[in-house]
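Shown next, in structure tokens, is the structure this report addresses.
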Amino acid sequence: MSDLFDDPQPGQNAPEFTVSEISGEVKRTLEGTFGRIRVRGEVGRVFKARSGHLYYDIKDDRSVLACTTWKGQISGLSVVPEEGLEVVVTGRLTAFGAQSKYNMNVDEVAVAGQGALMALLEKRKKQLEAEGLFAPERKKPLPYLPQIIGVVTSPSGAVIRDILHRLRDRFPRKVLVWPVAVQGKTCAPEVARAIEGFNRLTPGGALPRPDLIIVARGGGSIEDLWGFNEEIVARAAAASQIPLISAVGHETDTTLIDFVSDRRAPTPTAAAELAVPVRLELMAWTETQGARLTRAAGQAVQLRRQRLNDLARALPKPDTLLETPRQRLDRISDRLPGALISGVQRRRVHLSETAASLRPATLRQLVEGRRNRLQNLSSRLSLRPIQREVKQQQDRLAQLVQRLNAAQAARIDRQRQALTATGRQLEILSYKATLERGYAVVRSGDEILTTRAAAAKASALQIEFADGTLDLDGGAADAPKTEGPNPPAKGGGQGSLL
């Protein structure tokens, strides 16, 4: 300080300062005198620079205080300043010597009273409503029985226990819990990230995407529930492709997420009731519908049977329907022999009349006229073109015959090769090759015997070896009794092969 106050020039009493010296002294005086302070006022102009710093004014009816919140301090604000909002800001006064201005560096912003909060809430509500986020036509229907339910809430509170208990009582479902803070500075960004995170999950993946989302929190003051009034939460809920139920606070509490969600529940327990039906009631309803269906089907069959019987009584008997056609057939049958005889007689008379009108002279003249006409036509024909055409057709016929013979020979050769290959394959697959290895085929007539019992019942056997067949008479009844699998023949004769 002693360095600043140099000795005054001769003839002057006040010391001299440089511009930087006086600016620095003013800055130190402001910061040292006031320190950390709290200021209440209405937010005026708000401007966010490209660098990320936030500049705004705090004003009352007579004065304006310039405020600055640096980029790194914005994330720590519980409330982002908005124009027209009455707030209490906390920070330090400082001076900016380059422009001879002073301002306040703010690192904490709080809304000044519940009335200001309600005013801010009403402003945001009107803004979102004007964008159409509250429109009924954009709300999605809830699935009747979701397989997986995603719950966004605090994992340590009573809310999640109430929801799980209610789901277990009504209809047990799989539940995915996304833990978030339900009040405080981190509440709004965590809830928004949870909603977006559930929507980014892949259906049927390792962590499956839920069919329904429940955002839940217990009751509290408006300050405690303020995180669900933030614009980032409301827009995340509106953009959710998964149907969403909001269950924030008690029945009298209303937050912005309630207006943009697809369904609002007065309590978290009520949200679980909206999510799934009652399993026992559903089973009872199913049984009731099945009984009604059975009764309806029985009544329908009974009514149609009665209708069929009524219609059958109104129909005439089959014999009555056939009486008239039968009589018509009898009359026609009686008239048929006479009609045939009469027809033959008429045709015989007509034939006689036609034969009488023909004379030999007339026939001779007719034949002579046809012959003369044929001669005239023959004389008009030229034989040379006909002979040339015949020669061409003969040459063409000879070529076709040659091609036909070649094609037939090629076809026969292909078929011969195929037949030879088939014969070789038949020889490979034939049982004759098996007979060559010492096996035999036992037949009784056209039947092939594969068991001893069948051979014992046969009256005659035919055994086929590789070099021929052997016929045997008699079955197991004539065979001697054997001992062991291969007994010797008795009496010196040939024993039974079986």
Being in the same structural domain as L244 (by TED's automatic domain parsing) and under 34 Å from the mean Cα position of the chain (by Cα) narrows T269, T294, T286 down to just T269
Residues that are among the aliphatic types (A, V, I, L, M) and more than 11 Å from P268 (Cβ to Cβ), drawn from segment 134-151: A135, L142, L145, I148, I149
Would you mind stating whether G24 is surrounded by 12 or more Cβ atoms within 10 Å (Cβ to Cβ), of a type outside the set (D, E) and more than 25 Å from A110 (Cβ to Cβ)? yes
So is A188 aliphatic (A, V, I, L, M) and assigned to a helix (DSSP H, G or I) or not? yes
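Per-residue answers, yes or no, for (1) out of contact with any strand residue (DSSP E or B) (no Cβ under 8 Å at 6 or more places or on another chain); (2) assigned to a helix (DSSP H, G or I); (3) over 26 Å from R168 (Cβ atoms):
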position: A284; (1), (2), (3): yes, yes, no
position: L293; (1), (2), (3): yes, yes, yes
position: A297; (1), (2), (3): yes, yes, yes
position: R304; (1), (2), (3): yes, yes, yes
position: R307; (1), (2), (3): yes, yes, yes
position: P316; (1), (2), (3): yes, no, yes
Inter-residue pairs, beta-carbon under 6 Å, first under 19 Å from H250 (Cβ atoms) and in segment 265-284, second loosely packed, with under 14 Cβ neighbours inside 10 Å, 6+ apart: P266/E251
Within the set of pairs 6+ apart or on separate chains, which have a first residue in segment 178-194 that is small (G, A, S), a second that is part of a helix (DSSP H, G or I) and surrounded by 22 or more Cβ atoms within 10 Å (Cβ to Cβ), and C-beta atoms under 6 Å apart? A181/C187; A188/G227; A188/V233; A192/V233; A192/A236
Regarding R124, is this residue modelled with pLDDT of 90 or more and closer than 27 Å to T254 by Cα? no
Which of the residues belonging to segment 51-89 are under 50 Å from the mean Cα position of the chain (by Cα) and over 23 Å from E230 (Cα atoms)? S51
Would you say R173 is at pLDDT below 95 and under 27 Å from the mean Cα position of the chain (by Cα)? yes
Residue that is farthest from the chain's Cα centre (by Cα), among those in segment 252-266 that are of a type in the set (V, I, T) and surrounded by 15 or more Cβ atoms within 10 Å (Cβ to Cβ): T254
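Okay, residues lined up against (1) in contact with a helix residue (DSSP H, G or I) (Cβ under 7 Å, 6 or more places away or on another chain); (2) among the charged types (D, E, K, R); (3) surrounded by fewer than 16 Cβ atoms within 10 Å (Cβ to Cβ):
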position	(1), (2), (3)
R62	no, yes, yes
W70	no, no, yes
E108	no, yes, no
K126	no, yes, yes
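Residue-wise test of (1) outside the structural domain of S23 (by TED's automatic domain parsing); (2) touching a Cys at 6+ places or on another chain (Cβ under 7 Å); (3) in contact (Cβ under 8 Å) with a residue 60 or more places away in the chain; (4) farther than 16 Å from G44 by Cα.
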{"position": "V87", "(1), (2), (3), (4)": "no, no, no, no"}
{"position": "A95", "(1), (2), (3), (4)": "no, no, yes, yes"}
{"position": "Q99", "(1), (2), (3), (4)": "no, no, no, yes"}
{"position": "Y102", "(1), (2), (3), (4)": "no, no, yes, yes"}
{"position": "A135", "(1), (2), (3), (4)": "yes, no, no, yes"}
{"position": "K139", "(1), (2), (3), (4)": "yes, no, yes, yes"}
Those residues of segment 19-59 which are free of Cβ contacts under 8 Å to residues at least 40 places away in the same chain and among the aromatic types (F, W, Y), in sequence order: F47, Y55, Y56
Residues being outside any loop (DSSP other than H, G, I, E, B) and either of a type in the set (K, R) or surrounded by fewer than 19 Cβ atoms within 10 Å (Cβ to Cβ) (or both) - total across segment 194-248: 9
Within segment 146-164, the count of residues that are surrounded by 13 or more Cβ atoms within 10 Å (Cβ to Cβ) and not β-branched (V, I, T) comes to 6
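The values are calculated or read from the model by the stated rules, or taken from the named source; none is laboratory data. Treat the numbers as computed from the prediction; the structure is a model and nothing was measured. Quick reminder, even Gly has a Cβ in these numbers, built from the backbone with ideal geometry, and neighbours come from all protein chains shown.
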